[in-house]
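*Asks:* Structure in structure tokens, see below.
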Amino acid sequence: TFEKINQVLLASARQERLESGKVVRVDSTVTAALIHEPSDSSLLWDAVRVMVRLLQQADAQGRAIPWHDHRRAAKKRARAIEYTRGRPKRMKHYCELLKITRSTLSYLEQAVERPTLAAGPAVELPAKAG
């Protein structure tokens with residue numbers, strides 16, 4: 001759509017001999033955006049955060065399983081990876097973050113496999129004749 005608009009404007013400018021269209025000048029403005037560099041550690045931290053949100057939704061649907069919220073530990077490891085110098089130290093934190101991510105994933109898999117609990121009794125008792 002934008003290209004067609006530009007073509008119509010350029011044709012009009014050529015017809016009125018205002019612009020030949022041989023040279024183009026573009027102006028742009030830079031704005032701040034909430035986008036971070038997608039490193040492995042930040043992606044794993046995001047995965048843990050999203051999986052915990054899904055686990056909370058599963059709890060609300062009656063798929064309650066025993067699970068532990070590992071967001072704090074995952075965030076701590078992701079930050080440690082970001083600020084630690086030296087590959088061996090970073091690898092230690094990275095392995096721990098992978099372990100936390102796998103653990104959270106296993107909780108989520110268990111919640112998905114668990115059937116939803118009924119809100120009320122499965123069988124209604126017959127009413128007393130009276």
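The values are calculated or read from the model by the stated rules, or taken from the named source; none is laboratory data. Remember, predicted model here, so these are calculated numbers, not experimental data. Here Cβ is always computed from backbone atoms with ideal geometry, including for glycine, and neighbour counts include all displayed protein chains. Quick note on the areas: whole protein, heavy atoms, side chains included, nothing else; ligands and nucleic acids left out. Shrake-Rupley method; radii C 1.70, N 1.55, O 1.52, S 1.80 Å.
*Asks:* Please specify each residue of region 51-81 satisfying the condition of being aliphatic (A, V, I, L, M) and loosely packed, with under 12 Cβ neighbours inside 10 Å.
*Replies:* ALA60 - this is the single residue of region 51-81 that is aliphatic (A, V, I, L, M) and loosely packed, with under 12 Cβ neighbours inside 10 Å.
*Asks:* A further question follows. Output the residues belonging to region 93-130 that are of a type in the set (D, E, K, R) and modelled with pLDDT of 95 or more.
*Replies:* Within region 93-130, GLU96, LYS99, ARG102 qualify.
*Asks:* Okay, next question. Here are some conditions: (1) in contact with a helix residue (DSSP H, G or I) (Cβ under 7 Å, 6 or more places away or on another chain); (2) surrounded by 11 or more Cβ atoms within 10 Å (Cβ to Cβ). SER20 meets all but one. Which one does it not meet?
*Replies:* The one condition SER20 does not meet is (2).
*Asks:* Among the residues of region 9-33, write down those that are among the small types (Gly, Ala, Ser) and within 42 Å of the chain's Cα centre (by Cα).
*Replies:* Within region 9-33, the first condition is being among the small types (Gly, Ala, Ser), and the residues that meet it are 11-13, 20-21, 28, 32-33.
Result: SER28, ALA32, ALA33.
*Asks:* Identify, by number, the condition in (1) part of a helix (DSSP H, G or I); (2) open to solvent by 60 Å² or more (accessible area, probe 1.4 Å) that THR101 doesn't meet.
*Replies:* (2) is the only condition that THR101 fails.
*Asks:* Same structure, new question: Please identify the pairs in which a residue from region 100-111 that is of a type in the set (A, V, I, L, M) has its Cβ atom under 7 Å from the Cβ atom of a residue that is in a helix (DSSP H, G or I) and open to solvent by 40 Å² or more (accessible area, probe 1.4 Å), counting only partners at least 6 apart or on another chain.
*Replies:* Correct list of pairs: ILE100/ARG77; LEU108/LEU54.
*Asks:* Shifting gears a bit: State all residues of region 1-50 that are charged (D, E, K, R) and either in contact with a Gly (Cβ under 8 Å, 6 or more places away or on another chain) or not in a helix (DSSP H, G or I) (or both); if no residue qualifies, say none.
*Replies:* Of region 1-50, the ones charged (D, E, K, R) are 3-4, 14, 16-17, 19, 22, 25, 27, 37, 40, 46, 49.
Once the filter is applied, which keeps residues that are charged (D, E, K, R) and either in contact with a Gly (Cβ under 8 Å, 6 or more places away or on another chain) or not in a helix (DSSP H, G or I) (or both), region 1-50 yields ARG14, GLU16, ARG17, GLU19, LYS22, ARG25, ASP27, GLU37.
*Asks:* Of all residues in region 23-37, count the ones that are hydrophobic (A, V, I, L, M, F, W, C), open to solvent by 100 Å² or more (accessible area, probe 1.4 Å) and more than 20 Å from GLN7 (Cα to Cα).
*Replies:* Final tally of qualifying residues: 4.
*Asks:* So, in region 38-50, how many residues would count as being open to solvent by 60 Å² or more (accessible area, probe 1.4 Å), of a type outside the set (A, V, I, L, M, F, W, C) and either closer than 15 Å to GLU109 by Cβ or at pLDDT below 95 (or both)?
*Replies:* 2
*Asks:* Report whether or not TYR83 is touching a residue at least 40 places away in the same chain (Cβ under 8 Å), over 29 Å from ARG114 (Cβ atoms) and of a type in the set (Phe, Trp, Tyr).
*Replies:* Working: touching a residue at least 40 places away in the same chain (Cβ under 8 Å): no; over 29 Å from ARG114 (Cβ atoms): yes; of a type in the set (Phe, Trp, Tyr): yes.
For TYR83, the condition - touching a residue at least 40 places away in the same chain (Cβ under 8 Å), over 29 Å from ARG114 (Cβ atoms) and of a type in the set (Phe, Trp, Tyr) - is not met.
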